[in-house]
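Peer 1: Shown below is the structure under consideration.
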Amino acid sequence: MSRLRIDGMLDPHVHLRGLQWSHKGTFASETAAAVAGGYWAVLDMPNTLPSTVNATALAHKRNEISRQAVSDWGVYFGATGQDNTAAFSSVVDQVCGLKIYNNATTGDLLVDDQTVRDQIYNVWPASKPIAVHAEGPTILAILDLVRRHRKQTHFCHVSSAEEIGYLWAAKEEGLAVTVGVCPHHLFLTRDDLSALGPFGLMKPELKTAADQEALWEALDAGVVDVIESDHAPHTIAEKQAAAPPYGVPGLETTLPLLGLAVHQGRLDAGQIPFLVAEKPRKIFGLQAPPETYTILDLDVPDIIDRQNLHTHCGWSPFEGMQVFGKVREVWIRGQQVFDGEAVLVEPGYGRNVVT
Ligand code: DOR
Ligand code: ZN
């Protein structure tokens with residue numbers, strides 16, 4: 001089989017940058033990376049500068065993205081440790097969901113007090129999902145809130161055997177949880193760090209081969225709901241500086257890496273549309289517009305090369321890897337937006353998926 005048609009691809013976990021971090025990437029450049037990666041739409045995380053944690057910052061971000069985006073898009077609202085819950089009811093209809101950072105990462109959004117988390121779970125309306133950054137035992141603390149408040153929760157970038165074990169059990173218990181896994185945790189381990197240096201630093205960090213194996217097992221068993229890129233561009237200079245920021249770009253390498261997994265017999269091609277389109281749309285209650293699809297040539301070998309990437313940051317932790325699969329066409333609302341090489345629409349073509 002060579003050509004695969006995927007309707008309405010959605011990456012529910014990206015950091016588009018823009019605003020005061022436009023030197024890392026703009027809403028135009030990073031949504032161009034999205035369509036080049038095959039995506040119809042992307043959901044933008046709130047740890048920007050400024051953070052998306054109040055109505056003013058949200059309105060400003062929505063304005064900027066809507067002027068610049070070539071793919072469709074949605075934005076998350078961010079919870080702060082300083083209690084911004086009063087804003088929840090007025091912003092919920094404008095966003096795809098709420099993001100809570102329960103462990104430290106890029107930006108200053110950290111909620112590490114369980115009482116504050118409990119308050120957040122209490123106030124956030126059940127109509128939109130909560131996405132959490134929770135690593136290791138923090139997952140247990142969040143599961144306790146899911147159990148008590150019964151609010152649908154997506155666990156982002158699950159990366160270890162320990163974490164997948166907690167979530168596997170939570171699913172067996174019948175909790176309303178979903179699991180996202182990133183390509184970098186499926187295809188790289190901490191053994192790659194010596195070659196990658198700062199370009200292999202992200203949160204959650206790269207783990208052991210045994211952790212990686214546990215992710216593949218969970219994928220095989222149907223415990224993984226979404227493959228999400230956690231696309232997080234930083235400039236080469238920033239990555240090479242004394243204290244490099246966490247994060248790697250990923251929007252344009254997800255499909256070719258999944259193609260590699262198919263080629264290696266580790267993934268069934270039929271699972272791809274579920275993991276990158278159907279399930280993420282279902283979690284966020286989004287319907288793809290008519291005539292919105294991607295044509296992927298699954299058998300074409302390729303080598304990941306920064307020259308071919310649209311992301312502004314201009315590098316990839318997967319550079320030099322032999323992968324399989326090329327995005328040939330992307331259509332959004334009956335308009336071809338990507339032809340395998342170039343983006344065919346102007347900034348502003350992309351629409352908000354939420355309203
Ligand atoms: O590696 C990461 N980078 N992990 C995150 O959680 C945030 C992201 C970023 O914004 O750079
Ligand atoms: Zn992220």
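The values are calculated or read from the model by the stated rules, or taken from the named source; none is laboratory data. Nothing here was measured: the structure is a model prediction, and the numbers come from that model. Methodologically, a virtual Cβ is constructed for each residue, glycine included, from the backbone with ideal geometry; neighbour enumeration extends over all protein chains shown.
Peer 1: Tally time: how many residues in the range 31-44 are within 13 Å of ligand 2 (Cβ to nearest atom) and touching a residue at least 60 places away in the same chain (Cβ under 8 Å)?
Peer 2: 2
Peer 1: Still on this structure: Select, from Arg148, Arg117, the only residue that is surrounded by fewer than 19 Cβ atoms within 10 Å (Cβ to Cβ) and at pLDDT 95 or above.
Peer 2: Within the list Arg148, Arg117, the selection yields Arg148.
Peer 1: If a residue has to be assigned to a helix (DSSP H, G or I) and within 19 Å of Pro280 (Cα to Cα) to count, how many in the range 147-169 make the cut?
Peer 2: The total comes to 3.
Peer 1: Hey, another quick one. Pick from Thr85, Thr115, Thr106: which is over 22 Å from the mean Cα position of the chain (by Cα), closer than 17 Å to Asn47 by Cα and among the hydroxyl-bearing types (Ser, Thr, Tyr)?
Peer 2: Going through Thr85, Thr115, Thr106 in turn, the sole match is Thr85.
Peer 1: Next question, about the same structure. Right, Leu258: within 17 Å of Pro183 (Cα to Cα) and touching a residue at least 24 places away in the same chain (Cβ under 8 Å) or not?
Peer 2: Yes: the conditions hold for Leu258.
Peer 1: Can you tell me which residue among Val226, Val276, Val248 is at pLDDT 95 or above, crowded, with 21+ Cβ neighbours inside 10 Å, more than 16 Å from ligand 2 (Cβ to nearest atom) and under 17 Å from Pro12 (Cα atoms)?
Peer 2: None of the other options fit; the residue is Val276.
Peer 1: Now for a separate question. I need every pair where a residue in the range 113-139 that is touching a residue at least 12 places away in the same chain (Cβ under 8 Å) and part of a loop (DSSP other than H, G, I, E, B) has its Cβ under 6 Å from the Cβ of a residue that is among the polar types (S, T, N, Q) and away from ligand 2 (no atom under 16 Å from the Cβ), sequence separation at least 6 or different chains.
Peer 2: From residues that are touching a residue at least 12 places away in the same chain (Cβ under 8 Å) and part of a loop (DSSP other than H, G, I, E, B), the pairs are Pro129/Gln152.
Peer 1: Give all pairs with beta carbons closer than 7 Å in which a residue from the range 156-176 that is free of Cβ contacts under 8 Å to residues at least 40 places away in the same chain meets a residue that is within 16 Å of ligand 2 (Cβ to nearest atom) and among the polar types (S, T, N, Q); count only pairs at least 6 apart in sequence or on separate chains.
Peer 2: Close Cβ pairs satisfying both conditions: Ala176/Thr153.
Peer 1: Identify, from the list Ser22, Ser29, Ser51, the residue that is hydroxyl-bearing (Ser, Thr, Tyr) and over 18 Å from the mean Cα position of the chain (by Cα).
Peer 2: Criteria check complete, one pass: Ser22.
Peer 1: Right, something else. Please go through the range 151-165 and give me each residue that is over 15 Å from Ile100 (Cβ atoms), more than 16 Å from ligand 1 (Cβ to nearest atom) and surrounded by 20 or more Cβ atoms within 10 Å (Cβ to Cβ), ordered by number.
Peer 2: Hit for the range 151-165 is Ile164, nothing else.
Peer 1: Mind telling me which of the residues Glu205, Glu172, Glu217 ends up being surrounded by fewer than 19 Cβ atoms within 10 Å (Cβ to Cβ), within 16 Å of ligand 2 (Cβ to nearest atom) and over 18 Å from Ile130 (Cα atoms)?
Peer 2: Glu205
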